[in-house]
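Working notes, beginning with the structure itself.
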Amino acid sequence: MSRENVEVVRGLYDAFGRGDVPTVLGQMDQGIEWNEAENFIYADRNPYVGPQAVLEGVFMRLASEWDGFTVTPEEWLDAGERIVVLGTYSGKHKVRGKEVRAQFAHVWSLREGRVVRFQQYTDTKQFAEAVAE
């Protein structure tokens, strides 16, 4: 099952990269628990519970506040029911004009092929500085 989980998560990054948010949300369990890194700019509503909360609290904010925001996965670690993805975020804050290029680690937990939990780790200081006045 773990190889299948890797493919599910790869598909999520591919869909997100294409802007196909409905596919990403559709792979989430209705009770998904989504956590942004502590002190991250979007951690204010942790945990996000359910796909709609993730859409409104994370995805829509990213789309409205950043130009060219990308999530680039670079390494995949298969841990069975958990998949760890290492990569890089990049983008430019629309209001401040500051750019970020920050490493991330994402821990995805799946059950029966659906995402039930997500945990993000990233350089929170870099994002805080990009949005600061």
Checklist entry - Residues with amide H under 5 Å of Lys98's amide H, sequence separation 5 or more or different chain, H placed in the peptide plane at 1.01 Å from N; which? => result His93
Item to check | Calculated FRET value between Glu81 and Asp14, using beta carbons and R₀ = 30 Å, to 0.05 | outcome: 0.90
Next on the checklist: Looking at the chain as a GNM with Cα springs under 10 Å, which of Ile32, Ile83, Ile41 has the largest mean-square fluctuation?
Outcome noted: Ile41
Checklist entry - Taking the structure as given and computing percent of Cα pairs over 20 Å apart, which label from [x] 42; [y] 77; [z] 69 fits? => result [x]
Next on the checklist: Cut-off is 10 Å between beta-carbons; in what order do Glu36, Glu112, Glu81 appear when sorted fewest neighbours first?
Outcome noted: Glu112, Glu81, Glu36
Checklist outcome for this item: Sequence order, the stretch 31-37: Karplus ³J(HN,Hα) from phi using 6.51 cos²θ - 1.76 cosθ + 1.60, θ = phi - 60°, Hz rounded, Gly and Pro as x, gives x, 3, 10, 10, 10, 7, 4
Checklist entry - Using alpha carbons only, how many degrees (0 to 90, rounded to 10) separate the axis of helix 2-18 from the longest principal axis of the chain? => result 30
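Order these by the 10 Å Cβ neighbour count, fewest first: Ser2, Ser64.
On the way: Ser2 13, Ser64 8.
Fewest-to-most ranking of Ser2, Ser64: Ser64, Ser2.
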Item to check | Selection from Leu77, Val131, Val6, by position along the positive dipole direction of the chain (Cβ) | outcome: Val131
Checklist entry - How would you rank Tyr48, Tyr13, going from fewest to most other Cβ atoms within 10 Å of each one's own Cβ? => result Tyr13, Tyr48
Next on the checklist: If the only charges are +1 at each Lys and Arg Cβ and -1 at each Asp and Glu Cβ, what is the size of the charge dipole of the chain around the Cα centre, to the nearest 20 debye?
Outcome noted: 180
Next on the checklist: Going 7 Å from the Cα of Glu4 along its beta-carbon direction, which residues of the stretch 70-85 have the amide nitrogen within less than 13 Å of the resulting point?
Outcome noted: 81
Checklist entry - For the chain, what is the calculated [θ] at 222 nm in deg cm²/dmol (nearest 500), taking -39500 (n - 2.57) for each run of four or more DSSP H residues and dividing by its residue count? => result -8500 deg cm²/dmol
Checklist outcome for this item: For the chain, averaging the sequence separation of alpha carbon pairs under 8 Å that lie six or more residues apart and dividing by its residue count, the contact order in percent is 26
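Every read-out reported here was derived from the displayed coordinates using simple, explicitly stated rules and does not represent laboratory data. This is a predicted model, so every value here is computed, not measured. With ideal geometry, Cβ positions are generated from the backbone for all residues, glycine too; neighbour counts draw on all protein chains shown.
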